[in-house]
Structures are given as structure tokens and as C-alpha cells.
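What follows is a single structure, written as C-alpha cells, with notes after it.
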Amino acid sequence: MYMKLKDLFIYKYTSRETFSIENADESSSFQVQKNHGGPTLCGNFKKDCNTLCEEFSFGKSGDVKKREFTVQIGEKEHSAVLFFIDGLVNKQLINDFILKPLMLKSRELNISSFRGVGEILLSQSEYKETNVIGELCFDLNFGSAIMLIDGAKKAYSLDVKGWQHRGVDSPQTERIIRGPNDAFSEQLRENTALIRHLIRNKSLMCREYKIGTISQTPVSVMYIENVANASLVKETMRRIESIKVDYIFAAAELEQFLEDKSVTTLPQFLSTERPDRASRALLDGRVVIIVDGSPFVLILPTSIFELNESAEDNYLRYPYVNMIRAIRWIAFFLSLLLPGLYVAVVSFHTELLPTGILMSIISSREQVPFPPLIEIIIMEISLEIIREASIRVPEASGSTLSIVGALILGQAAVSAGIVSPILIIIVSITAIGSFATPNYYLGLSARILRFLYIFLGAVAGFLGIVAGLFVNILLWTDTKSMGMPMGVPFAPITKKGVPTALFVPPVWKQNERDDYVNPKRKERQSFISRKWRG
């Protein structure tokens, strides 16, 4: 059998004679699982049992279990069946609070009606009655047990969740010196409870959604009703309700479905694993989105300046915060522009350097065979490879890899004359500056744009870098987060936002919330919050 050259580039389906797997039936369509409305139970016990067995894939899925027993109601024995998924439920709860009361106490207490099953026999903390098959399927897959009793009008959905999961732990990506050390986990209810533990107010709302026609991933939207702007809440819910996708597993995936622009490198939402930071955002009039299975929550809207803030800023005195924020911005611009500025100076603007520094650079580059552009591209790509490799290797080998890459390879490159010593300093300062950026996605944005500024500096010197920076600022200020420009409070300028963005006042002077979020409640505290000073 001869292969044509075009077969290497154009894929064709294999014929049925040589392909052992039959093509799928294109006429079949996926049935979307409906949690409200849709098919219901008919009321006949045997038919309903067969229907639930088919819907729950009992006999096909090995983890779907069925327990048959009898319940005495009045003078008659009624057949009953209990469905649950092994691994998602707490079997001790099923034995102690469902099976034992129904099988033993029903005979002792002599229950006269089906109403007494839920009111007297079931001591479970939460249960509901429904006959919607889609709702029963979702509850079963979410850790509930489904019970059907002969003669009952509806099935019982009993909350017996008990799967193994990671508990509340310390933050891994947002470690701080002062402040609480608890972090979000992968459990939706634990995350909402951590926020409610900090905000003990009846105005804190939690709207529930399910995203994904197959996965049915629970999502919670939290906001404070009398603080958050109604238009922001409405727009958030509109975007979530309009998402049509088969599955979604993490907040990072949901973020891409909600963002205004996908081509920009700037992150349009703030993600955090700290309950205290999410609670502060809620109190400032923002909206928090929690996705089941993800330890990170989304805060929206956000601005460029908030992306470069740390959770620790709220626990430091204002002189320390202002100094640290200034250092962060210096580090960010160094990581973004320093390599490009080096290429521009060496290639076009050597007259700007003092004679001593210029002679030092020239002497260090005498043995280097590459132009500045190729030289710095080699080092930057090597740095990115080392950074990515240090993340992927086991934690015990990460420090060893960093030492080998930074010290041995760097020194060997200088000794071999591939790069100059001054370039090693430039790349090292750039790497350290990128590590000082608290937001991971903002740091990634700087890493991508850094290569663009290197090429602009090599082509047009300072003029190319200034032109690129001008276009970059225009694109970033044109980016919006849930309809709010991310350049606020500078582009557009707001009356009370500019002073606090440049200089953080003492906490007792932070009397009002950010005006660019347009919250319902403008004041954060009394004008004189320290009344003890008279």
C-alpha cells in the first residue's frame, strides 16, 4: 500500500472495511439533564424503580448502589428502595439516620401516614421531596441518597454527603506575614461558609447556578445586596446564565467565558484563595464567584492597580504599604522594559551612557559573537525554560534545578563567550522583578510583552519602546472588567479614586468606598471614626 504525499498533511476517515470501530450515529442527540421541569415519576412503584435504575445506570456503573427494605406505615408493610453512589456518601449517616429509623422505629412508633416518614422517622438534617427525574439525578451525583417508597407520591432526596476532600489549609500562592492563614478549598459549601463566617449579615446573598449540560458544576454568586451595584449583579448573572457548555471544572475556565476581551494579555478578573480578601471585596461592593472544585474564587470587577496589590496590604500600616507598592511598580516596569531598554541603549543610544560604563560594556562584549538582540533572546528563552522546568519537576528537585540553571549555566555561558556578564545582571534583575509581582497572570502578561519590547528596542530604539508603551497603555485602558474600564481611577479619572491609588491613607481616613465601582452604600465608616480622640 503506497502513501501519497498529500496524505501526510490531509487526514481522511478510514473506510469501514479497514476500520474496526463503527461511526457514531449522527442522528442521536445528547439529552440535556433538566433540574427543573422535565420528565417526572409516574407514581407506580415498580415502574418508577425501573426508571430510576435506568436513569442512575444501576448495573452499568459499579459505584451506584441500591438497598431494598420495607417500611411499616399504619398496619401495612410498604416496599422501599434506596439509591446512592458509593464514595460520595457517608454510610454511617445512611445506617444510623435513614435505614435504622425506617426499618425499626417505623414498627415501634406505628406511623399512620407518609407524612410521618419525613417529620418523625427521618432525623436527617436536610431532605426534600420531588418527582422530577433530572433533579433526582443531580442530587444523586452530588452526594445525596434517593429513596422511593411504595405508595408515596414523591421520592425523597436525603443529604448524606461524605466524600473525602481537602480541608481548610493555609494559602499556597498568597502567603502573608500578618493576617488569617485559612484558605479556600475545593468544596463549595466550605468556601461560602468561610465568607459568611467573616460577614455576618443578612444582606449577604448567595445565588446558586449549575453550569455545564453534562458536568452540572455548582456555582455560587455572592454579593451584599445593599452595597453592590444592582447593574453589576444583574450583568454578572446574565453572563453566567447565558453560558452553554458541556462541562466546566475550575474558576479559571469560567473566567474565560465571562471576560470582555480574550485577546488582551491583561487579566480582567482578580482571583484569590483567601477568604479575607474575598470578604473585603464584597464589603467594597464587588461580586464574588465561587466554583465547586476550585480553591480560587473570582472577584469582579477589578482594575490594573488592584492587580498589583497584595492581601497583606490590608494588615500593614500605611507608610509600609506605600513603600511596598512603589517597589512593586518599579519591579513590574523593570521586568517589562529593562531588557528592551538594554537592547535600545546598546544598539542606538550609546551616547547616553557614561564613558566608564560604556567602556565596561564594550570590553565585556568583545568576545560575544552575537548581536545584542540574539544575545538577550537566548538568555530570556533559557530563563523561561528554567522557570517552567522548576514548576514541573518535583518540589525536592526544584531548588537544585534553579541552582544549576542560574549559577552553572550562566557562568558557563559567560566563560564560553556566548553572552556578556552585563547581560546576566540585566536578566537576573528582570527575573527578580517578575517574581515581585503578586498577581500571577499580571506577571505572565509582563513576560509575554517583554519580548515585544525587546524587538521594538532592537528595531527603533527608544522611539520603538515609547510607541509600544503608548499602544500598550491604550489597549489596557480600553479593556473592561464587567463593563468597568480597567484603567480607573486614572483612565477615566474619578474624583476620589486617584488620591487613594497613588497614596494609601491611614485606615481611619478611608471613609468611603471606591467610587468607580459605584456601590449603593458610599460611606465605609464615620467621618470621625476614632471618636476616642475627641
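Some notes on this structure:
- Cα convex hull of segment 188-302 - mean projected area over all directions, nm²: 6.6 nm²
- The share of Cα pairs per 5 Å bin across segment 33-142, counted from zero up to the longest distance, runs 2, 10, 20, 22, 22, 16, 6, 1, 0 percent.
- Measuring max minus min along each principal axis, the C-alpha atoms of segment 294-430 give extents of 51, 40, 25 Å (largest first).
- Helices in the chain, meaning DSSP H runs of at least 4 residues, each add -39500 (n - 2.57). Divided by all residues, the mean residue ellipticity at 222 nm is -12000 deg cm²/dmol.
- Here the average projected area of the convex hull drawn through the C-alpha atoms of segment 93-146 stands at 4.0 nm².
- If the Kirkwood radius is taken over C-alpha pairs of segment 135-241, then at 20 °C and 1.002 mPa s the Stokes-Einstein diffusion coefficient equals 126 µm²/s.
- Translational diffusion of segment 403-481, µm² s⁻¹ [Kirkwood Rh, Cα pairs; Stokes-Einstein; 25 °C; 0.890 mPa s]: 167 µm²/s
- Legend: helices of the chain (whole DSSP H runs) are marked when their alpha-carbon atoms reach 27 angstrom or more along the helix axis and their mean Kyte-Doolittle hydropathy is at least 0.0; marked are 318-347, 372-392, 440-478.
- Rounded FRET efficiency, nearest 0.05, which uses the C-beta distance separating residue 260 from residue 363 and R0 of 51 Å: 0.50
- Cα gyration tensor of the chain - equivalent ellipsoid semi-axes, whole Å, descending: 56, 33, 21
- Proximal lysines to residue 261, defined as alpha-carbon separation beneath 21 angstrom and excluding residues fewer than eight positions away on the same chain: 234, 244, 480
Rule-based calculations on the coordinates, nothing more; no lab input. None of the values given here were measured: they were computed from a predicted structure. Every residue, glycine among them, receives a Cβ derived from its backbone with ideal geometry; neighbour counts consider all protein chains shown.
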